[in-house]
Amino acid sequence: MSMCGIAGYCHFNKAPLDPHILLKMKNALSVRGPDDSGVYQDDSVGLVHTRLSIIDIQSGPQPITNEDESICVILNGEIYNFQELREDLWNKGHTFRTLTDTEVLVHGYEEYGISFIEQLNGMFAAAIWDQKKKEFFLFRDRSGIKPLYVSECRGGLIFGSEMKALLQHPDIQIAIQPEAVLSYLSFRYAIGEQTFFQGIQTLPPGVILKIDETGMTKEAYWQYPFPSDGIDRGERYYQKGLFELLQDSVQKQMMSDVPVGAFLSGGVDSTSIVALMSKYANENIHCFSTSFEEEGFSEESYAKLAAEQYNVKLHSHRMSEEEYFQLLPEVVKRRDHPLSIPHEVAFYHMSREAKKHVTVVLCGEGADELFAGYGRVFRSPSDWRKILWLQKNRKLSSILSKVLFEPSFQQQVHQFIHLDGEMEHYKKRYAWFTDSEKEQLLGQQAHSIDSADSHMNKLIAQCFKEMEGASYENKLLYLFQQIHLPNLLDRLDMMTMSHGLEARVPFLDHRIIQFVNEMPFKYKLPYKGLPSRVQAFFQSSLKTSEVQDIPKYMLKKTMEQTVDKRILYRRKMGFPVPVYHWMNKRMEEIEEKLLDQQSFATQLFQKEPLEQFLRHHSNQKNKNGADQKVWMLYNLELWHDHYIKGARLPLQTSH
């Protein structure tokens with residue numbers, strides 16, 4: 001096994017690419033694979049690989065070929081079931097020169113063709129070049145745990161684990177994708193295949209891209225199963241099945257020839273992973289957590305509680321404001337696009353500290369999107385149903401709202417009473433910058449960018465169409481699995497691989513995804529009882545969450561015999577960062593940067609509305625995410641400074 005970076009190109013009927021460009025692409029990925037590197041090039045294809053060795057450390061360099069060198073493979077990731085697949089291929093007469101999972105791809109392709117990837121259990125982004133057939137394949141794992149970016153040029157394709165590799169290619173014109181900026185203002189990231197660079201896209205999860213002399217095609221080999229309330233097999237069935245799958249996934253993902261640790265916040269997800277790891281570990285597990293000095297922004301006591309219960313070595317760190325802002329520009333440079341969540345800086349630092357002790361960490365990513373862990377999000381359909389009821393009684397809606405509902409929900413009624421359908425409610429409810437704010441800041445260009453034909457709006461509409469007939473709750477689960485989760489996984493990969501640290505995510509074993517998405521919603525976010533359901537009717541979901549209901553109910557019930565109930569049933573904190581406390585003290589410095597005549601913000605936004613926005617939000621005391629919005633604009637500026645103003649400047653990182 002080898003976590004790493006891959007990059008390259010494929011084009012037919014063209015002169016081979018300058019080898020120096022391939023070398024620059026490889027060097028751009030050097031932090032991902034500090035242990036080894038390799039290059040393959042022929043008339044049609046160029047492949048580069050940088051290696052972080054995990055299994056078969058001595059004999060697993062890439063690219064790797066079959067015996068006659070007609071098939072060449074590069075892999076970023078891990079195939080957790082490669083030993084079973086290797087045995088099957090061995091029995092069919094294939095011989096192996098290494099003990100790596102990458103060579104299994106070579107012989108699996110020889111035996112079964114590209115459909116072999118449907119047998120893989122793992123996280124991976126890979127390329128296969130079949131020189132005899134003149135066929136080239138790129139593909140990603142089912143959830144998109146490992147990143148892969150592509151761009152069409154020179155009559156072919158270039159690709160890489162990070163956009164930094166693609167930016168080394170002379171055919172890439174460094175220009176901002178305006179729709180991605182709008183998507184960022186709405187959802188904090190560029191959703192779907194779009195990136196912040198024009199002409200560069202992500203290869204979607206679960207997709208095979210094929211190039212031959214006739215052209216290029218994309219085909220999905222796996223899709224997220226739709227969350228469903230169809231068949232109810234009962235609580236005991238789901239508890240038993242989930243526990244068995246989680247045990248098997250954790251055990252598989254602990255396989256390594258180098259030290260394995262875990263990120264441990266003391267929350268349900270990470271503690272569940274560490275609890276299961278402790279059953280299979282031969283020695284004390286090193287675990288890592290980060291908190292903040294400000295009161296109310298530390299989960300350290302729960303992390304310590306879990307560490308004591310499972311006898312693991314906890315490395316905890318309290319990050320200061322000074323340390324955070326000192327690291328922020330460096331993290332933006334590593335991320336390829338603006339940061340989306342304030343805690344990414346803490347993730348970056350935690351990864352650097354973890355690398356001093358281990359090479360692999362297991363993480364709890366994915367549980368929230370599978371088990372409805374964002375209570376305020378996945379309970380919000382109840383708000384929409386109340387608004388629909390008021391729409392049917394429009395003449396009395398104002399009176400009914402005041403009589404029946406708390407003031408917090410009355411505000412929602414005022415905002416959303418005129419909306420037409422669940423999709424509009426979703427887009428308005430979850431947008432960070434409101435439509436009014438975007439229109440004021442962007443001026444006339446807001447409407448041209450935010451059209452029904454924009455990538456963002458088309459993708460959201462597609463998800464709603466695919467889930468037509470399902471409950472609003474299940475539609476939200478599907479949306480967050482399709483749109484939100486890939487951003488979290490990209491964040492995890494970039495923050496860990498910046499330090500040569502491999503992050504694995506046991507909850508996203510595709511067998512667990514299949515099992516949980518077939519589980520009725522009532523086992524994910526149930527009310528605590530009939531009185532709670534009745535009381536919730538009069539409240540906003542913002543007040544109902546975790547007071548009247550139980551997010552991630554089935555995961556918590558499944559782990560009750562293993563995890564302390566003080567951890568299982570505490571309120572979710574979600575890795576909070578005291579951004580408001582810090583941004584408020586730095587507003588003068590931030591305003592100066594954003595309002596500078598040469599800034600990207602003054603080029604993108606209307607200057608007077610921008611000035612008003614900043615000065616208004618600096619006095620909002622975290623109202624409506626004011627601190628997060630200013631933080632987002634600041635990150636956008638830092639990203640522009642490095643990637644657009646300083647186009648193709650060499651990346652510098654401190655270790």
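The values are calculated or read from the model by the stated rules, or taken from the named source; none is laboratory data. None of the values given here were measured: they were computed from a predicted structure. We place every Cβ from the backbone using ideal geometry, glycine too, and count neighbours over all the protein chains shown. Surface areas here come from the heavy atoms of the whole protein model, side chains and all, with no ligands, DNA or RNA. Shrake-Rupley method; radii C 1.70, N 1.55, O 1.52, S 1.80 Å.
Using 1/(1 + (r/R0)^6) with R0 = 60 angstrom and r between the beta carbons of Ser532 and Gln41, what's the FRET efficiency to the nearest 0.05?
Working: r = 64 Å, r/R0 = 1.06.
Computed FRET efficiency for Ser532 and Gln41: 0.40.
Tell me the carbon and sulfur percent of the accessible area for the range 329-480, rounded to whole percent, probe radius 1.4 Å.
Values: 3210 of 6190 Å².
Within the range 329-480, the accessible surface is 52 percent carbon and sulfur.
Tally up the carbon and sulfur contribution to the accessible surface of the range 574-617 as a whole percent, 1.4 Å probe, everything protein left in place. Numbers along the way, then the final one.
Values: 970 of 2360 Å².
Solvent-exposed carbon and sulfur of the range 574-617 make up 41 percent of the total.
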Per 10 Å bin, what percent of the C-alpha pairs of the chain does each bin hold, from zero upward? 3, 15, 26, 28, 19, 8, 2, 0
Loop chymotrypsin sites (Phe, Trp or Tyr not before Pro), the range 45-154, which have at most 15 other Cβ atoms in a 10 Å radius of their Cβ (DSSP): Phe96
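How much of the DSSP beta bridge set in the chain is antiparallel, as a percent to the nearest 5? Don't jump to the answer; show the numbers that get you there.
Numbers: 58 of 74 bridges.
The answer is about 80 percent antiparallel.
For the range 83-176, give the percent of accessible area contributed by carbon and sulfur heavy atoms, probe 1.4 Å, rounded to a whole number. Don't skip to the answer; put the middle values down first.
Numbers: 1400 of 3190 Å².
Summing carbon and sulfur atoms, their accessible area is 44 percent of the total for the range 83-176.
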For the range 182-326, share of DSSP beta bridges that run antiparallel, in % to the nearest 5: 45 percent
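Which FRET efficiency, nearest 0.05, do Arg615 and Glu244 yield, Cβ-Cβ r, R0 56 Å?
In this case the efficiency is close to 0.50.
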Could you give the nm distance between label points at Gln326 and Met216, where each point is 7 Å from its Cα heading toward the beta carbon? 4.3 nm
Between 0 and 90°, nearest 10: helix 268-280 axis offset from the chain longest Cα axis: 40 degrees
Put +1 on the Cβ of every Lys and Arg and -1 on every Asp and Glu Cβ in the range 405-536; which of Pro486, His414, Leu525 then has its Cα farthest towards the positive end of the dipole? Leu525
Average accessible surface area per residue within the chain, 1.4 Å rolling probe, Å²: 40 Å²
For the chain, with +1 on Lys and Arg beta carbons and -1 on Asp and Glu, the positive-most of Ile191, Cys287, Tyr569 along the dipole: Tyr569
Mind listing the phi-derived Karplus ³J(HN,Hα) values for the range 255-262, rounded to whole Hz, using 6.51, -1.76 and 1.60 with θ = phi - 60°, and x for any glycine or proline? 5, 5, 9, 10, x, 10, x, 7
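So if we plug the beta-carbon distance of Lys92 and Ala175 into 1/(1 + (r/R0)^6) with R0 = 41 Å, what FRET efficiency do we get, rounded to 0.05?
Details: r = 49 Å, r/R0 = 1.20.
In this case the efficiency is close to 0.25.
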Describe numerically, in nm with one decimal, the distance between label points set 7 Å from Cα along Cα→Cβ at Asn81 and at Ser398. 6.2 nm
With a point put 7 Å past each Cα toward its Cβ, work out how far Glu118 is from Glu67 in nm, to one decimal. 2.8 nm
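Per the helix-only calculation at 222 nm, which mean residue ellipticity applies to the chain, given -39500 (n - 2.57) for every DSSP H run of n ≥ 4 and division by its residues, nearest 500 deg cm²/dmol?
Working: 31 runs with 285 residues, N = 655.
So the helix-based figure for the chain works out to -12500 deg cm²/dmol.
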Have a look at Gln131, Val181, Trp90 and report the one farthest towards the positive end of the charge dipole of the range 76-183, computed about the Cα centre with Cβ charges (Lys/Arg +1, Asp/Glu -1). Gln131
